[in-house]
Amino acid sequence: MIPENILAKLELIVGASGLKTGEALAMIHPGSDERNLDATIMVTPRTTREVSAVLRLCNEQQIAVIPHGGRTGLVGGTVSLVGQIILSLSSMNTIEMVSASAGTAIVQGGVTLFALQEAAAHHHLSTGIDIASRGTATIGGMISTNAGGMEAFRHGVMRQRVLGLEVVLPDGRVMSDMAQVPKSNEGYDLKQLFIGAEGTLGIVTRAVIKLTPPDAMTATALVACQSAAAAVLLFHQLQANHDVHLLRAEFMAHDYFVVAVDHLGPPSLASIAQAPIYLIIETDAADQAQAQSALENALALTIEDGLVLDAILAQSEKERREIWNIREDSSVIDRVHPNGHWFDISVPLQHLESWLKQFHEGIAMLGPNVHGFAFGHLGDGNLHIGVAGISDKKAVKSLIYATLREMGGSFSAEHGIGLDKKTELARLADPVKLDLMLSLKSLLDPNGIMNPGKVI
């Protein structure tokens, strides 16, 4: 337990409203993992100075600090224990500046992605990154996990969206590298150490985010492809087609699509031709008619070539939302097939067909009641894999990871390591890389107070 005198010192730093225990903490949703609030103590500082003071105190007392953003992570990265302190950036939610001329925003770490999207749209800009949990996920959390999403093949992951960063180190020192320009070669690019570090090296309090021009008028299609290889070829053809501007290419294997459409989609979507692979393709153009016509013409050619078996083009915003819902409400799998095992991997596109073949054959060998589901972001090969109907997670892991490293893929695409993937990191990562990670952790956090037990 945290001693009363430490609680009193924390209250002096953050104020009575900034220290949450008991009933005040019980009112806060734990997020994606019920264990997130097990520490029973949360501080919600309002400024970088307060974050610094909290970390300085905890470092002196060797009290573990668990950073929290929107608590949307899926790998146990924000799980806490009694005797630790949760530090939430929920009160640091100010968008300090959006510059239309520079195409940048300066935000505090607790700003949600949706709030930044709205602010950017007001200046006719876009964040260049989008994820389904946009209403809850925070910029600080997305930086700390190096979030990706459906636009990563165009604009990169969070690592490519960050120009500058302010980070509070475990001893309370503040590293301010808040450059607002993409070209800033001023020695080691230390901010990159904290992007994807999952709060194990420090706490991101402020950031400069690179924005992009917004999408224009969109056209959306649900497309049935004859194979994963055909889907990849279609993706590349659309990228090379100067008459269309490809915005998104989301991937759904047959078994996922059937469950999603049966429980989410209108009957019209179920009428599409049966196929092993389905894509949601979205493009844009200066006006709606042009966008629709260009995508329709491009898909017509691919149907003639045999790449595409069938396609449904959304004719209204309602139909567009219905198509996207079958992809974004992926929790439908858990509702229909509860207690499944989930994985977040990346497969190089040239190996996507063979990996999926190996996966589906392996699922069949695990037993008649085992079901495998695959969906994700086609452009960067990021697949979300669910396996239900089997309790032996070790056997499932063996199937998922069997040839992944040989193919040049990754066992952790966009959700990080947290608690859940530490074994895979230790087993599959380059040993020199692991040694350097441990050295950096020891250098920056010698007392081991920052999110202990996570990542390494």
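Observations on the structure shown:
- Mean Cβ count within 10 Å, highest first, over the residues of peptides 179-187, 359-367: 359-367, 179-187
- Angle in degrees between helix 4-14 and the longest Cα principal axis of the chain, rounded to the nearest 10: 70 degrees
- Region 1-142, accessible surface, carbon-and-sulfur percent (1.4 angstrom probe): 54 percent
- Checking the Cα-Cα distances for Lys9/Lys191; Lys183/Lys210; Lys191/Lys454; Lys191/Lys433; Lys210/Lys318 against a 23 Å cut-off, the pairs over it are Lys9/Lys191; Lys210/Lys318.
- Alpha-carbon centroids, region 352-367 and region 171-212: separation in whole Å: 41 Å
- Beta bridges by DSSP in region 60-140, antiparallel share as percent, to the nearest 5: 55 percent
- Cα gyration tensor shape for region 192-242, rounded if a/c is under 1.5, else prolate or oblate: prolate
- FRET efficiency estimate (nearest 0.05) - Cβ-Cβ, Met27 to His236, R0 45 angstrom: 0.35
- When you work out D = kT/(6 pi eta Rh) for the chain at 10 °C and 1.306 mPa s, using the Kirkwood radius from C-alpha pairs as Rh and the Stokes-Einstein form, the result is 68 µm²/s.
- For the peptides 50-59, 70-79, the ranking by packing is 70-79, 50-59, with the highest mean count of neighbouring Cβ atoms within 10 Å listed first.
- Label-to-label distance for Ser17 and Asn325 is 3.8 nm, based on points extended 7 Å past Cα in the beta-carbon direction.
- Averaged over its residues, region 184-296 has an accessible area of 39 Å² per residue, based on protein heavy atoms and a 1.4 Å probe.
- Among 273-282, 213-222, sorting by the average number of other beta carbon atoms lying within 10 angstrom of each residue, highest first, gives 273-282, 213-222.
- What you get for region 237-354, charging only the Cβ of Lys and Arg (+1) and of Asp and Glu (-1), is a dipole of about 220 debye around the Cα centre.
- Cα-based shape type of region 215-330, given that a ≥ b ≥ c are square roots of the gyration tensor eigenvalues and the cut on a/c is 1.5: oblate
- Whole-Å distance, taken between Cα centres, linking region 377-456 and region 251-314: 33 Å
- Extension gain from Ala100 to Leu81, taking 0.36 nm per residue of separation minus the Cα-Cα distance: 2.5 nm
- Placing pseudo-labels 7 Å out from each Cα toward the beta carbon at Glu317 and Ser271 gives an inter-label distance of 2.4 nm.
- Put a dot 7 Å past the Cα of Asn297, heading toward its Cβ, do the same for Asp430, and the two dots end up 4.7 nm apart.
The values are calculated or read from the model by the stated rules, or taken from the named source; none is laboratory data. Please read these numbers as outputs of a predicted model, since none were measured by experiment. A quick note on method: Cβ atoms are made from the backbone with ideal geometry, for glycine too, and the neighbour counts reach across all protein chains shown. Only protein heavy atoms, including side chains, enter the accessible area calculation; ligands, DNA and RNA are left aside. Shrake-Rupley method; radii C 1.70, N 1.55, O 1.52, S 1.80 Å.
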